[in-house]
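Participant: Sharing a structure here in structure tokens format.
The values are calculated or read from the model by the stated rules, or taken from the named source; none is laboratory data. Quick caveat, the model's predicted, so the values are computed rather than measured. Virtual Cβ from ideal backbone geometry, glycine too; neighbours counted across all protein chains shown. SASA here: full protein model, heavy atoms, side chains in, ligands and nucleic acids out. Shrake-Rupley method; radii C 1.70, N 1.55, O 1.52, S 1.80 Å.
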Amino acid sequence: MKVLVTGSSSGIGRAICILFLKNGHEVTGIDIQKDTISSDSSILNANLYKHFIADISKPESLPEISDVEILINNAGIQTATDKDIDVNLKGTMAVTEKYAFHKGIKSVLFNSSVSSLNGNEFPTYVASKAGVTGYMKNCAIRLANEFKATCNAVCFGGVLTELNKPVTENPVLWKKIMEVTPLKRWATADEAAQWCYFLTAVNTFCTGQAIDISGGERNCADLFVWED
């Protein structure tokens with residue numbers, strides 16, 4: 001299948017691209033950073049990867065890409081400013097409206113956040129991700145009615161990525177998180193990618209769902225662990 005992944009140069013997005021490439025799919029990535037995949041000889045089928053540098057919060061920068069069958073909206077930021085809204089919500093909406101609504105689309109997936117379900121984290125970040133979850137439900141209706149395509153959101157809790165090192169490498173903050181996480185660990189980027197693969201390349205019936213993938217993280221009013 002022809003797969004489009006935003007936020008493809010690092011973290012979960014890069015892991016998603018590698019997993020799809022491993023399974024023989026043609027993958028296009030969009031990121032504000034340079035390509036980290038096509039020149040990596042350790043990645044199976046890296047020659048099937050194509051990269052565009054673009055800022056999803058600026059629709060005019062989005063490249064022309066046709067015949068997308070699977071769209072994975074992974075790109076996102078966490079700044080505690082209005083930029084969270086511009087990138088996470090408005091940018092994601094721009095990408096989806098441009099690439100998802102056409103004959104041939106099979107599945108659309110949004111990387112939302114467990115924050116959209118429990119309200120923890122910065123206000124602008126929570127609002128942006130809650131908006132993504134709500135927008136997903138709207139897209140699920142439209143995509144099912146018009147194209148019989150699936151559309152869901154993954155709501156991850158903690159994932160072990162470079163972005164999260166300020167938390168994972170701080171013993172005090174890490175202990176606080178683990179106290180309310182029954183599995184006593186965070187997901188790896190590869191585990192997150194497996195969920196994204198299943199819900200798009202394998203799943204054909206589940207749609208309109210925001211799936212909590214947080215290791216059972218309990219909702220505690222004081223679980224706000226990011227440093228100022």
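Participant: What number of residues within segment 164-185 are in contact with a Gly (Cβ under 6 Å, 6 or more places away or on another chain) and within 22 Å of K129 (Cα to Cα)? Steps first, answer last, please.
Facilitator: Going residue by residue through segment 164-185, those that are in contact with a Gly (Cβ under 6 Å, 6 or more places away or on another chain) are 181-183.
Remaining after also requiring within 22 Å of K129 (Cα to Cα): 181.
Matching residues across segment 164-185 total 1.
Participant: Is it fair to say S214 is at pLDDT below 95, open to solvent by less than 40 Å² (accessible area, probe 1.4 Å) and under 29 Å from K106 (Cβ atoms)? Spell out how you get there, then give the answer.
Facilitator: Working: at pLDDT below 95: yes; open to solvent by less than 40 Å² (accessible area, probe 1.4 Å): yes; under 29 Å from K106 (Cβ atoms): yes.
In short, yes.
Participant: Collect the residues in segment 133-162 that are surrounded by 15 or more Cβ atoms within 10 Å (Cβ to Cβ), among the hydrophobic types (A, V, I, L, M, F, W, C) and either closer than 17 Å to L199 by Cα or out of contact with any Phe, Trp or Tyr (no Cβ under 7 Å at 6 or more places or on another chain) (or both), keeping them in residue-number order.
Facilitator: Matches in segment 133-162: M136, C139, A140, L143, F147, A149, C151, A153, V154, C155, F156.
Participant: Determine, yes or no, whether F122 is modelled with pLDDT under 95 and aromatic (F, W, Y). Write out each step before concluding.
Facilitator: On the way: modelled with pLDDT under 95: yes; aromatic (F, W, Y): yes.
Yes: the conditions hold for F122.
One line per residue, one yes/no per condition, for (1) touching a residue at least 40 places away in the same chain (Cβ under 8 Å); (2) more than 14 Å from P59 (Cα to Cα); (3) of a type in the set (A, V, I, L, M):
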| site | (1), (2), (3) |
| --- | --- |
| K90 | no, no, no |
| V95 | yes, no, yes |
| K103 | yes, yes, no |
| V108 | yes, yes, yes |
| N111 | yes, yes, no |
| L117 | yes, yes, yes |
| E121 | yes, yes, no |
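Participant: While we're on this one: Is it the case that V27 is touching a Cys at 6+ places or on another chain (Cβ under 6 Å) and at pLDDT 95 or above? Break it down stepwise before answering.
Facilitator: Values: touching a Cys at 6+ places or on another chain (Cβ under 6 Å): yes; at pLDDT 95 or above: yes.
Yes; evaluated as a whole, the condition is true for this residue.
Participant: Do you know which residues across segment 95-128 are part of a helix (DSSP H, G or I), of a type in the set (G, A, S) and either out of contact with any helix residue (DSSP H, G or I) (no Cβ under 6 Å at 6 or more places or on another chain) or more than 30 Å from I177 (Cα to Cα) (or both)? Walk me through it before giving the result.
Facilitator: The initial filter retains those residues of segment 95-128 that are part of a helix (DSSP H, G or I), namely 95-99, 115-118, 123-128.
Filter once more, so that each one left must be of a type in the set (G, A, S): 115-116, 127-128.
Passing the criteria: only A127.
Participant: Taking only pairs six or more apart or across chains, which ones have beta-carbon atoms under 8 Å, a first residue in segment 147-164 that is among the acidic types (D, E), and a second residue that is open to solvent by less than 10 Å² (accessible area, probe 1.4 Å)?
Facilitator: Every condition considered, no pair remains.
Participant: Assuming N170 fulfils every condition listed in (1) within 18 Å of the chain's Cα centre (by Cα); (2) of a type outside the set (K, R); (3) closer than 19 Å to G11 by Cβ apart from one, which condition is it?
Facilitator: For N170, the failing item is (1).
Participant: I need the full set of residues from segment 170-200 which are under 15 Å from N23 (Cβ atoms), buried (at least 20 other Cβ atoms within 10 Å of the Cβ) and hydrophobic (A, V, I, L, M, F, W, C), in order please. First the steps, then the outcome.
Facilitator: Applying the first criterion (under 15 Å from N23 (Cβ atoms)) to segment 170-200 yields 190, 193-200.
If we keep only those that are buried (at least 20 other Cβ atoms within 10 Å of the Cβ) too, we end up with 193, 196-197, 199-200.
Matches in segment 170-200: A193, C196, L199.
Participant: So, E97, is that one open to solvent by 10 Å² or more (accessible area, probe 1.4 Å) and closer than 18 Å to R142 by Cβ or not? If you could, list the steps in order and put the result at the bottom.
Facilitator: Values: open to solvent by 10 Å² or more (accessible area, probe 1.4 Å): yes; closer than 18 Å to R142 by Cβ: yes.
Answer is yes for this residue.
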